[in-house]
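What follows draws every value from the coordinates through simple rules; no lab data is involved. Computed from a predicted structure; not experimentally measured. All Cβ positions, even for glycine, are placed from backbone atoms using ideal geometry, and neighbour counts span all protein chains on display.
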Amino acid sequence: MRLHLNNPLVFFDLETTGINIVSDRIVEISYLKINPNGEEESKTRLINPEMPIPIQATAIHGITDKDVKNSPTFKMIAKSLAAQIEGCDLAGYNSNRFDIPLLAEEFLRAEVDIDLMQRKFVDIQTIFHKKEPRNLSAAYKFYCDKDMENAHTAEADTRATYEILQAQLNRYPDLKNDIAFLSEYSSFNNHADFAGRIIYNEQRQEVINFGKYKGRLVKDILQEDPGYYGWIMQGDFALHTKKVFTAIKMRKK
């Protein structure tokens, strides 16, 4: 089934040094851009993470320090990548919980100003887990009746994710072929930051989603506990989380 698109939709996948969005880095990125007219563009490139790749990570994706030794750093390709996804919605597998938050961190570290929060996100894993709880290889077999080859390579995972979404739209009549609908359907929470530390309530007010102030309005806590903002800024929180706290603080002033 051809996707109904108002904006280009970029399916992407990251291979990384680990699963911590604060401290880990990208070692490979692959994307497949689907334009509203159906034309496709794809690109895969290795990234030098500027840190050793743990053997546990290499065991999963097969990428070694030697493979990325002469590759560009993310900062070197950040501006061109931002231009390539400008005006696009984003899709991936487990992307809302991992790939998008980590990508946002990398852009912030590279000091490239791109507001990903204005995009629509379609997480194919969320749709799959709501319909048929399994993993990517099982999803590919279930929906596309194909065996997954080269699993855990960014290019193979990206292409499989695109094919699965098409098959999901064919299988489930209640899934609308509309990116806004799919974005809302594949989101568990209405996050104000990518890490989910802050969420919106029904009044679109930012609410703390962790710790002793969970459920409280951010603006109220910043007023009642002046030291809380400093604790956030000095703590091991994602850069995007800190950016959202700062924006709320400045807006309050």
Problem set entry | Contact order normalised by residue count of segment 1-160, Cα under 8 Å, 6+ apart, percent | 25
Exercise. How about Lys212: which aspartates and glutamates have a C-alpha closer than 20 Å to its C-alpha, ignoring those fewer than 8 places off in the same chain?
Worked result: Asp193, Asp220, Glu224, Asp225, Asp236
Exercise. Between Thr73 and residues 5 or more places away or on another chain, which pairs have amide H atoms under 5 Å apart, with H built 1.01 Å from N, and which residues are they?
Worked result: Asn48
For this session: Pull up the DSSP beta bridges for the chain and report the antiparallel fraction as a percent, rounded to 5.
Result: 75
Exercise. Which one of Ala195, Ser23, Ala104 has its Cα pushed farthest toward the positive end of the charge dipole of the chain, where Lys and Arg give +1 and Asp and Glu give -1 at the Cβ?
Worked result: Ala195
For this session: Find the lysine pairs in segment 9-185 meeting two conditions, Cα atoms under 18 Å apart and a separation of 8 or more places or different chains, and report how many there are.
Result: 10
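For the ranges 143-152, 11-20, 213-222, what's the packing order if you count other beta-carbon atoms within 10 Å of each residue, average per peptide, and put the highest first?
In descending order of packing, they fall as 11-20, 213-222, 143-152.
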For this session: Return the distance in nm (one decimal) between the two label points of a simple spin-label model at Ala59 and Ala247, each offset 7 Å from Cα along Cα→Cβ.
Result: 3.9
For this session: Could you let me know the centre-to-centre spacing of segment 199-253 and segment 3-51, using Cα atoms, in angstrom?
Result: 29
Seminar exercise, completed: Scoring only Lys, Arg, Asp and Glu (+1, +1, -1, -1) among other residues with Cβ under 12 Å from the Cβ of Ile100 yields -4
Exercise. Mind listing the phi-derived Karplus ³J(HN,Hα) values for segment 5-20, rounded to whole Hz, using 6.51, -1.76 and 1.60 with θ = phi - 60°, and x for any glycine or proline?
Worked result: 10, 8, 10, x, 10, 9, 7, 8, 9, 10, 10, 9, 7, x, 10, 9
Exercise. In straight Cα distance, which lysines are under 25 Å from Lys214, not counting same-chain residues fewer than 8 positions off?
Worked result: Lys242, Lys243, Lys249, Lys252, Lys253
Exercise. Where nothing but the Cβ of Lys and Arg (+1) and of Asp and Glu (-1) is charged, how large is the charge dipole of the chain around its Cα centre, in debye to the nearest 20?
Worked result: 740
